[in-house]
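The structure appears below as structure tokens.
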Amino acid sequence: MNAELPVLKAKDFESDQDVRWCPGCGDYSILAQMKKVLAEIGARQESTVFISGIGCSSRFPYYMNTYGMHSIHGRAPAFATGLKTTRPDLDVWVITGDGDALSIGGNHLMHVIRRNLDINIVLFNNSIYGLTKGQYSPTSKVGAVTKSTPRGSIDHPLNPLQVALAAEGTFVARSVDSSIKHLMATLKRASQHRGTSFVEVYQNCNVFNDGAWDYAKAKATKDQTTVVLEHGKPLVFDGGTKGIRLNGFMPEVVEIGGDVSESDLLVHDEKATEPHLANILSRMRHPQFPEPIGVFRAIERTTYNDGVNEQVADARGEQGEGDLAKMYTSGDTWTVA
Amino acid sequence: MTTSTEQFPPTSKPSESVSGVTVRLAGDSGDGMQLLGTQLTNTSALSGNDVATFPDFPAEIRAPRGTRAGVSGFQVQFSSDEIFTPGDGLDALVCMNPAALVTNIGDLKKSGILIVNSDSFESKDLKLAKLENSPLEDGTTDPYRTIHVPMTKLTRGAVESTGLSTKFADRCKNFFAMGLVFWLYGRDVEPTLRFINAKFGNKPEVAEANRLALKAGWNYGETTEDFASTYQVSAAELPAGVYRNVMGNQALSWGLISAAKLSGKELFLGSYPITPASDILHELSKHKNFGVRTFQAEDEIAAVCSAVGAAFGGSMAVTTSSGPGIALKGEGLGLGLMLELPMIVIDVQRGGPSTGLPTKTEQSDLLMAMYGRNGESPLPVVAAQSPADCFRTAIEAWQVATKFMVPVVILSDGYIANGAEPWRIPDVGTLPKIEVSHPAGREPDGTQFLPYERNEDLARPWAIPGTEGLMHRVGGLEKEDGTGNVSYDPDNHQHMVETRAKKIANAASFIDPLEVDGPESGTLVVSWGGTYGACRTAVKTLQEKGQNVAHAHMRWIHPFPANTEEVFRRYDKIVVPELNSGQLRLMIRNEFLIDAVGINKIKGKPFSVSELVDEIESA
């Protein structure tokens, strides 16, 4: 059947609306890679739905020539739950930001992940509230000076991947807005996962928090400051000169050569049943460690939408299709002549 | 097992015929009074009486035993006449302990029957009820026909052969009380025996103990000299048909399931547990074979948002809650009306504000339903008038939601939700077919699909994801009419605000006109929601006394029925009884500049007929 359908190009996923993000915003790259990925995986415009909350990132659906809903602040996962549960045939993407997903919408994020609804969540993390013009966010570092924290933020930040892992996420990944190939590959993996795919994207807000991720983005430094995760491969970075070794429960950076060979290094296992390794990796932060980029965890678990629809199918199989007259007369009745 | 007729012989005592009886069963939360009440209701309904019930229980699951806070009550009126309320003054009151007695005796008619479990009036029981003297000895019970029954002792004796421990034997006390009440009113025990078999089938010794307790209660009535006669209430003359008993939340659930079926849709419920609405979630969860999908959300907000998501996908979407939850849903409902998607929002009202009185009834969410959202955000509002009426209300709400593409609010209340009455089962063929359509897919032809193009009802097309060529984006930002694109244009905003309001006003052409019961002039009593029965009965009483009083009941509150003003203008005086401080009255005064008079009660309890009669007379 697919063969009869016209092959769509990235351009076909572009809507007629003018993109209104600030020039230089990291969102442009994510939008561009998304369109390419959809074309590449053979997605259909009519069966793809983007749902967002509120924030700069949440304007995303307007720019996609698919079905879309720009919903209310923090609640996109809840709208997605109603839609995907009743329409499992649709490919549903949730586009959110650090404020939207982790602050006002923290509750919904946690619950959609633990239910393992078969959707893809892309969290644009710029560690700032952009649309409201520059307040600190739940991922802003302690000490961050913003409009609402002139003396520096005193809130301890949340680590998005840790939240996803704590919520028993079955697919947890991280990428960077400007790492085009890596971002595409990660979004593609996310789209192929059955269950909630959670992707954190380091996204630069060049107006209110410019340079927040420079260490992970700059060509000159990114080899030293990030380590690319590949399933079954040792954690090697900085041109193969350094690696990550586990010392007890603690990771450590080691130089390769001399006493240390690749066989001493931590080998990534995204399919590990328990999330311990993913936890350790997700807690490796700059500048003490290179920050892992890639898929931290990818395991199989029944999806919420499958569970709901199987129960409906089972009930129909066992009881037959619902019959109103039978329901009305279940239990005691009497007749008035 | 011998048959029930042998075990429960008809009385040899004289039987007095009465037209109707109001009984209240009161005891500790753990005494099984709700179960007793339900059984008495069902068997009365099955014998052809008209029935109406009022369960009244504390918010605590197990309040401290024996205390006044822990008293749970169930009132039922059964009658050979058509009735609309669970009754005012009690003909009989059953009290399982002193706390139940002191908190309920004020409602017992003088010389009414008071049945007490005399075994539970010892000093420790009195202390728990904060009583210094026993009300059985200090004259409290003198005006009544008090019958002391040592129920604990008699029940233990009756179930001794089953070998149950004292603790379990004492749990059968409610069945003893049931046996006695059934005997007193000549009720059929057969439905209750069936219930015992079904409920305790896997615990034969418990089933047997309950049967023995029931029988002992029955025999006690026959043997004791305290009762000289029994009472008979003959069948009511109800319209011909097959009947069953329904509770409000059950009827609402069945109405929703029916509406889904009648419109060829599958039902999605997003809900979060809250008293007194949770039973709708429970009931709908049982009917998955109708394609019902229930989602117990992480909170009230997720519940309403999931419903909007399901509506976007083309399902019949519903969210249910009570006042505190509806307050949380406000923003989600605003999006629903902005997206112009059909869905149903149910508010089973309880006492407020804040957590308020979770298990008590009130009508104080009307203004929230009407105006409780940011911006200009009107929604249609319909209120169910009785437990059985909930069925029809759900169907009507879905008709309006789909015809006008708008979320519809259904108001119920704790009194209707937990109350029961006979329901004439409709013939499925006579239920309205609900036409719902979605625009078909199309090849790209260079023209733009207009998601906010309007039909003659001002409704937009319900284009659903998965449809080829109709891709569009919706959202909470103001829409340009037609294209649905984001628009900050000032004139467009005014146009859209007015259009959304007009669309709802148009629904007046769809709903039934306001009907009046009574004279064409004089005083008009205007009621809405669950006070229907009390208002109707009170007005009937006044009419029988020769007073010039009429009654009009409003089911649809937004929009008002098209003839509302014309009806109101015929009367010298408009009286609006409400279980709030005057919310419908405020709307009537606002809409028509009519100086309506309120009768307002905010006690967490329904109106009694007698208080309404007095208040209407003096209004």
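Checking the structure you have, find out if any residue of the stretch B:495-510 is assigned to a loop (DSSP other than H, G, I, E, B) and either touching a residue at least 60 places away in the same chain (Cβ under 8 Å) or at the interface with chain A (Cβ under 10 Å from one of its Cβ atoms) (or both).
yes
So which strands (runs of 3 or more DSSP E) are wholly in the stretch A:197-275 and hold at least 1 residues that are not β-branched (Val, Ile, Thr)?
Strands (runs of 3 or more DSSP E) meeting the threshold: A:197-202, A:242-247, A:250-255.
Going by the conditions given, is A:VAL49 more than 8 Å from chain B (Cβ to nearest Cβ), of a type in the set (A, V, I, L, M) and either assigned to a loop (DSSP other than H, G, I, E, B) or under 19 Å from the mean Cα position of the chain (by Cα) (or both)?
When the stated conditions are applied, A:VAL49 does not pass them.
For the list (1) touching a Gly at 6+ places or on another chain (Cβ under 7 Å); (2) at the interface with chain B (Cβ under 8 Å from one of its Cβ atoms); (3) small (Gly, Ala, Ser), I need the number of the one condition that A:GLY68 fails.
The single condition A:GLY68 does not satisfy is (1).
Assigned to a helix (DSSP H, G or I), among the charged types (D, E, K, R) and either in contact (Cβ under 8 Å) with a residue 40 or more places away in the chain or closer than 19 Å to B:VAL400 by Cβ (or both): does that describe B:LYS261?
For B:LYS261, the condition - assigned to a helix (DSSP H, G or I), among the charged types (D, E, K, R) and either in contact (Cβ under 8 Å) with a residue 40 or more places away in the chain or closer than 19 Å to B:VAL400 by Cβ (or both) - is met.
Do we have any residue at all in the stretch B:279-297 that's within 29 Å of B:ARG500 (Cα to Cα), crowded, with 24+ Cβ neighbours inside 10 Å and more than 10 Å from every other protein chain (Cβ to nearest Cβ)?
no
B:LEU93 fails exactly one of the following numbered conditions: (1) surrounded by 23 or more Cβ atoms within 10 Å (Cβ to Cβ); (2) within 14 Å of another protein chain (Cβ to nearest Cβ). What is the number of that condition?
In the conditions (1) surrounded by 23 or more Cβ atoms within 10 Å (Cβ to Cβ); (2) within 14 Å of another protein chain (Cβ to nearest Cβ), B:LEU93 misses (2) alone.
Checking B:LEU193 against (1) within 14 Å of chain A (Cβ to nearest Cβ); (2) touching a Leu at 6+ places or on another chain (Cβ under 9 Å); (3) assigned to a loop (DSSP other than H, G, I, E, B): exactly one of these is not met. Which one?
All conditions pass for B:LEU193, except number (3).
If we keep just the residues of the stretch A:52-77 that are hydrophobic (A, V, I, L, M, F, W, C) and closer than 10 Å to A:ALA101 by Cα, which is nearest to the chain's Cα centre (by Cα)?
A:ALA76
Look through the stretch B:71-99, keep the residues that are among the β-branched types (Val, Ile, Thr) and in contact with a helix residue (DSSP H, G or I) (Cβ under 6 Å, 6 or more places away or on another chain), and return whichever of them is nearest to B:GLY112 (Cα to Cα).
Within the stretch B:71-99, the match that is nearest to B:GLY112 (Cα to Cα) is B:VAL94.
Inspect the stretch B:19-35 for any residue being under 22 Å from B:VAL149 (Cβ atoms), in a helix (DSSP H, G or I) and of a type in the set (S, T, N, Q) and give the result as yes or no.
Yes, some residue in the stretch B:19-35 is under 22 Å from B:VAL149 (Cβ atoms), in a helix (DSSP H, G or I) and of a type in the set (S, T, N, Q).
Is it true that B:SER253 is at pLDDT 95 or above, assigned to a helix (DSSP H, G or I) and within 8 Å of chain A (Cβ to nearest Cβ)?
Judged against the criteria, B:SER253 is not a match.
Any idea which of A:ASP314, A:ASP269, A:ASP264 is within 14 Å of chain B (Cβ to nearest Cβ), farther than 30 Å from B:ARG424 by Cβ and out of contact with any Phe, Trp or Tyr (no Cβ under 9 Å at 6 or more places or on another chain)?
Checking each option against the conditions leaves just A:ASP314.
State whether the residues of the stretch B:419-428 include one that is under 30 Å from B:ALA69 (Cα atoms), among the charged types (D, E, K, R), surrounded by 20 or more Cβ atoms within 10 Å (Cβ to Cβ) and within 14 Å of chain A (Cβ to nearest Cβ).
yes
If B:LEU470 satisfies every condition in (1) in contact with a Ser or Thr (Cβ under 9 Å, 6 or more places away or on another chain); (2) surrounded by 17 or more Cβ atoms within 10 Å (Cβ to Cβ) but one, which is the exception?
It fails just one condition, (1).
Among what's in the stretch B:299-335 and is more than 10 Å from chain A (Cβ to nearest Cβ) and over 22 Å from the mean Cα position of the chain (by Cα), pick the residue that is surrounded by the most Cβ atoms within 10 Å (Cβ to Cβ).
So the residue we want is B:LEU333.
Has the stretch B:153-161 got at least one residue that is of a type in the set (Val, Ile, Thr) and surrounded by fewer than 23 Cβ atoms within 10 Å (Cβ to Cβ)?
Looking for residues that are of a type in the set (Val, Ile, Thr) and surrounded by fewer than 23 Cβ atoms within 10 Å (Cβ to Cβ), one finds none in the stretch B:153-161, hence no.
The values are calculated or read from the model by the stated rules, or taken from the named source; none is laboratory data. Given the structure is predicted, the values throughout are model-derived calculations rather than measurements. Counting neighbours? That spans all protein chains shown, and the Cβs are built from the backbone with ideal geometry, glycine included.
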